[in-house]
Structures are given as C-alpha cells and as structure tokens.
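Asker: Just dropping this structure here.
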C-alpha cells in the first residue's frame, strides 16, 4: 500500500512502510521522515500526527482527532489503542503492546519540548480518560499499570512569584510509576516521585514523596496507610471464582440482547449456548484436576475454530477470538483477569444501545 490508497489523507514521509489492511480516516495528516504502519492499523479521521520516526504496531489504533507533535520518535506497540482526542507534545513517546489509553490524553501541559521530554509507557497498561502527563523531565510508566480518570503527573513545579533568589524552591525531576501500580481517581503525582510496584494510590491523593512497593497510600500529602498482603487463591477457590465470573458473563450477555441457555454437562463442567441475531455459539467450562483451575472454550456453530481461555498461571488464550470471545476477554479484563492477546478487546454493544445508532 502507498499514499494513493488513502483519498482525503495527506501523507508526507520520506520513507514509508504500510502493511495490509491499514485504514486511515479522512482529513488526517501524517508527517514523518520514517513512517511504519503495521498490518491492520486503524487511524481515525481528523488526526494530525507528526514525528521524525512514527511507528504504529500491528492492529494498533489511533482515535479520531488526535494531535501528536513528537520530535524524535513515537512508537505504539501491537494491539495498543490510543483513544480519540489525544494531544501529545514531547521529544520521545513509546507505548508497549496491548495497552489502552483513554480519551483526551494530554502529554505536555507545560515545557515539553525539552531535551529530557521523554514518556515511556509499558505493556498492558490501562489509562482512563482525561489524564495529564507533564514530561519536562522523563516519565516512565511500567507494565500493567492502572491510571484512573483525571490523574495528573508533573515533573516540574515553580512559580515566578516565588523566586529561588528569595529562598523558594523550584522542582525539576522525573517520575516513575513501577509495574502493577494503580493511581486512583484525580490522584496527583509531583516531581521526583517513584511509586513502587503494586502500590495503590487512593483517589484524590497528592504524592509528594516516593512510595515503597506493595502499599496503600492516601491523603494530602499521601502517606502509607497499610501494607497490601494479598493471599493467592488455591486451585479450588480459583475454580469457584471462575465459575462465578462465567455465570456473571452469561447474565451480562442476556442484558446485551443475546439468548443464553444453560445445558447439562457431565461431571463438574458447565455448558451454555449463546444465540445472537444470526449467529450461535457454544461455551464450555471444564475444570481440571490438581492445581490447574480449568479452561473455557468459546466456539461458533459452522466455524471450524475455537478459542480456549486457560485460567492457569500465566493466563493464556489459545486460538482466534471472534466477537463473543472478545466480549469474554473484555469482561474478564474488567474483573482484573487480564488475558494477553494481540489486540485490545471491545465488548459487544448492548442491543438497547446499538439500535439507537442504526
């Protein structure tokens, strides 16, 4: 594919590699010295994406109306979604595989055309809408980090009315959010802070000093309230939780307008049929002996393919997900069971909503 395959799109690139099945919406402008768009990439309409090196991985998506000005390099990993309205200004920006960055992400918010203006976001992160990141100094976000809506991360702080010469302080220092951390709604992270792996920062907290791994912190300024001491489920408890998840999913499918029928099954297994307007699936849950919790299989009538969800550690999906498989993966993600896959999953739209969009 080349620039002529995208009417209504302005592509200005010295070198260009565009994979199969790429879609770019009208009125989008892309300016780059080195442009790489992997197979199945989707870029929405009305975007303006500019970077010396711009690489969007296989099946990644960029939402409508996004504006990127990234001097050196902007890289999205495979399956990552940057939702609509992202406004990004920095020197370097990279996002790993399978992450989701919500609507109206803002990377900038001050001096972000600087030598150290670098943002790195890891794999399988979940970032809610209206998050602000100021990268005057580097911001490093690890793997599987959760950031709630309206969180703000700052790497500089000063005010001209409080000058250093009068004894006031100015802060210029990077921020790191380690693997598995979770920042609650409207939390604020200030310059020089490191949030340790697996730590939870409560809603509306202001983090002024670094926090250790594996704690709950809250308040202004944020202080450690307790150590998090989770106890892993044994195989029997894990199986019980999985059955509850699947039964909850079936109830959700009924709400979405599908017909669900529970079937008898030999042993301790469970079976359901799920019927849509023009498709029918079978879902089978089969527990396993010993320390293995079990697998769920999603198959569609008339299609010689299925997807297996293995609830052992590490969580795994085998096979190809269709619409119902993606809905299950999305439902499990919301319940914190994050199954890796090559693309982000989206749930089926409930019929009572979708009919209004026809």
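Asker: Residue 40: in a loop (DSSP other than H, G, I, E, B) and under 22 Å from residue 132 (Cβ atoms), yes or no?
Answerer: The answer is no for residue 40.
Asker: Take the residues in segment 17-45 that are surrounded by fewer than 16 Cβ atoms within 10 Å (Cβ to Cβ) and touching a strand residue (DSSP E or B) at 6+ places or on another chain (Cβ under 7 Å), then tell me which one is farthest from residue 74 (Cα to Cα).
Answerer: Among those that are surrounded by fewer than 16 Cβ atoms within 10 Å (Cβ to Cβ) and touching a strand residue (DSSP E or B) at 6+ places or on another chain (Cβ under 7 Å), it is 23.
Asker: Taking residue 237, is it without any contact (Cβ under 8 Å) to a residue 24 or more places away in the chain, in a helix (DSSP H, G or I) and surrounded by 12 or more Cβ atoms within 10 Å (Cβ to Cβ)? Give the steps one after another, and end with the answer.
Answerer: Details: without any contact (Cβ under 8 Å) to a residue 24 or more places away in the chain: yes; in a helix (DSSP H, G or I): yes; surrounded by 12 or more Cβ atoms within 10 Å (Cβ to Cβ): yes.
Here the answer is yes, as residue 237 does meet what is asked.
Asker: Return yes or no: is residue 279 outside the structural domain of residue 180 (by TED's automatic domain parsing) and in contact with a strand residue (DSSP E or B) (Cβ under 9 Å, 6 or more places away or on another chain)?
Answerer: yes
Conditions (1) within 23 Å of the chain's Cα centre (by Cα); (2) closer than 27 Å to residue 123 by Cα; (3) modelled with pLDDT of 95 or more, marked per residue:
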{"position": "157", "(1), (2), (3)": "no, no, no"}
{"position": "191", "(1), (2), (3)": "no, yes, yes"}
{"position": "195", "(1), (2), (3)": "yes, yes, yes"}
{"position": "213", "(1), (2), (3)": "yes, yes, yes"}
{"position": "217", "(1), (2), (3)": "no, yes, yes"}
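Asker: Name the strands (runs of 3 or more DSSP E) wholly within segment 252-312 that hold at least 1 residues that are free of Cβ contacts under 8 Å to residues at least 12 places away in the same chain?
Answerer: Filter on segment 252-312 gives 259-263.
Asker: Report whether or not residue 176 is part of a loop (DSSP other than H, G, I, E, B), in the same structural domain as residue 194 (by TED's automatic domain parsing) and in contact with a strand residue (DSSP E or B) (Cβ under 8 Å, 6 or more places away or on another chain).
Answerer: Taking the combined requirement at face value, the residue does not satisfy it.
Asker: Of the numbered conditions (1) in the same structural domain as residue 327 (by TED's automatic domain parsing); (2) at negative phi, residue 294 satisfies every one except a single condition; which is it?
Answerer: Of (1) in the same structural domain as residue 327 (by TED's automatic domain parsing); (2) at negative phi, only one is false for residue 294: (2).
Asker: Which of the residues spanning segment 328-358 are in contact with a strand residue (DSSP E or B) (Cβ under 9 Å, 6 or more places away or on another chain) and part of a helix (DSSP H, G or I)?
Answerer: If the condition is that a residue be in contact with a strand residue (DSSP E or B) (Cβ under 9 Å, 6 or more places away or on another chain) and part of a helix (DSSP H, G or I), then 328, 329, 332, 333 are the ones that fit.
Asker: Further question on the same structure: Quickly run through segment 162-184 and pick out the residues that are surrounded by 14 or more Cβ atoms within 10 Å (Cβ to Cβ) and more than 14 Å from residue 141 (Cα to Cα).
Answerer: Matches in segment 162-184: 171, 172, 173, 184.
The values are calculated or read from the model by the stated rules, or taken from the named source; none is laboratory data. All values reported here derive from a predicted model rather than from experimental measurement. Neighbour counts run over all protein chains shown; Cβ positions are idealised from the backbone, glycine included.
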